[in-house]
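Take a look at the structure set out below.
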Amino acid sequence: MGVRRFFALGLAAGLLFVLPSNAGRHDTQAPGWFRYALGDFMVTALQDGSIDLPASAYQGLRADKIEALTKRAFALSANGVPTSVNAYLIDTGAHHILVDAGNADCYGWKLGGLTANLKAAGYEPKDIDIVVLTHLHGDHVCGLAAGGNRLFPKATVWAAAEEAAYWLDEKNKATPPKARAALALYGKDFRTFKPSDAIAPGMTIVPAHGHTPGHTAFLFESKGAALLVFGDIVHNHFVQFAHPEVSVMSDANRAEAIATRQTIFAKAAADNTAVAGGHLPFPGIGRLIKDGDGYVFAPVEFAPKP
Ligand SMILES: [Zn+2]
């Protein structure tokens with residue numbers, strides 16, 4: 001065999017070897033739920049889906065710096081920064097409290113994995129008796145509806161009074177029609193709270209205004225353990241933990257959102273309180289470590305037992 005023919009055959013064999021062959025390759029993912037024990041409470045993180053947000057959605061640092069921080073983490077695809085949409089179910093023993101309800105099909109983003117993941121985690125929508133909403137953006141509200149009906153037939157749905165006053169005011173009409181329609185399905189079972197209200201034992205309302213006028217976090221406490229479910233305090237974890245002064249385009253009041261983020265980060269780090277975020281990488285639960293002027297996020301690890 002001539003040298004040239006030898007190489008030609010070798011090349012052909014090599015090509016055969018590297019030709020993609022996906023037949024039989026597993027490409028399904030584990031269901032998007034994650035269990036986290038909190039004293040006597042059991043928390044189940046639920047993923048609704050993931051969207052790509054453009055790096056240009058962030059303001060407060062030079063655009064090239066934001067892009068560099070994101071690229072450094074290999075997290076900038078052609079479509080933007082992958083951003084999870086999370087909800088949290090807290091089983092307190094007395095109540096099944098769902099924090100946020102996912103996007104369903106609002107904003108043109110096809111998410112809506114919440115129901116399937118809830119069921120995969122062992123629950124049915126009828127098990128939920130309380131839904132608390134961090135705010136009334138569609139990606140937290142639209143999942144209250146399924147096929148034009150209430151997804152949670154037995155739930156009372158709560159949002160901050162300021163939030164409802166702003167978003168449901170006819171003259172604003174800022175929240176997507178689908179989100180308004182989803183809320184309307186709950187009629188008198190949609191109620192508003194003020195910070196001093198006690199909706200359920202073990203849950204405290206923590207005003208966290210700025211992202212929206214009535215944006216709210218919820219602190220869950222049991223047997224000395226605490227978890228602050230803080231909604232949309234962070235959208236880009238690569239950037240905003242290190243630089244809490246960076247805001248996202250959808251922050252209604254940038255200065256207030258930045259001040260709230262700084263306050264919540266400082267307190268959670270000082271108290272060693274775990275946090276859970278609506279757009280942190282799933283399951284979105286972890287702790288904050290002070291690092292210079294910013295913070296480092298220490299995410300929870302998967303373990304066979306929560
Ligand atoms: Zn959101």
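Structural remarks
- A count restricted to segment 94-144 and to residues that are touching a Pro at 6+ places or on another chain (Cβ under 8 Å) and in a helix (DSSP H, G or I) stands at 11.
- Only one of the numbered conditions (1) within 16 Å of the ligand (Cβ to nearest atom); (2) in contact with a helix residue (DSSP H, G or I) (Cβ under 6 Å, 6 or more places away or on another chain); (3) acidic (Asp, Glu) is violated by GLU245, and that is (1).
Quick grid of which residues meet (1) more than 16 Å from the ligand (Cβ to nearest atom); (2) among the β-branched types (Val, Ile, Thr):
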| position | (1), (2) |
| --- | --- |
| VAL99 | no, yes |
| GLY112 | no, no |
| THR115 | yes, yes |
| LEU144 | no, no |
| GLY147 | yes, no |
| VAL157 | yes, yes |
| ALA160 | no, no |
| LYS171 | yes, no |
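- Just one of the listed residues (THR273, THR263) is more than 16 Å from the ligand (Cβ to nearest atom), without any contact (Cβ under 8 Å) to a residue 12 or more places away in the chain and among the β-branched types (Val, Ile, Thr), and it is THR263.
- Strands (runs of 3 or more DSSP E) contained entirely in segment 193-240, each with at least 3 residues that are within 16 Å of the ligand (Cβ to nearest atom), buried (at least 17 other Cβ atoms within 10 Å of the Cβ) and modelled with pLDDT of 95 or more: 216-222
The values are calculated or read from the model by the stated rules, or taken from the named source; none is laboratory data. Keep in mind that this is a model prediction, so the values were computed, not measured. When we count neighbours, we look across all protein chains shown, and the Cβ atoms used for this are built from the backbone with ideal geometry, even at glycine.
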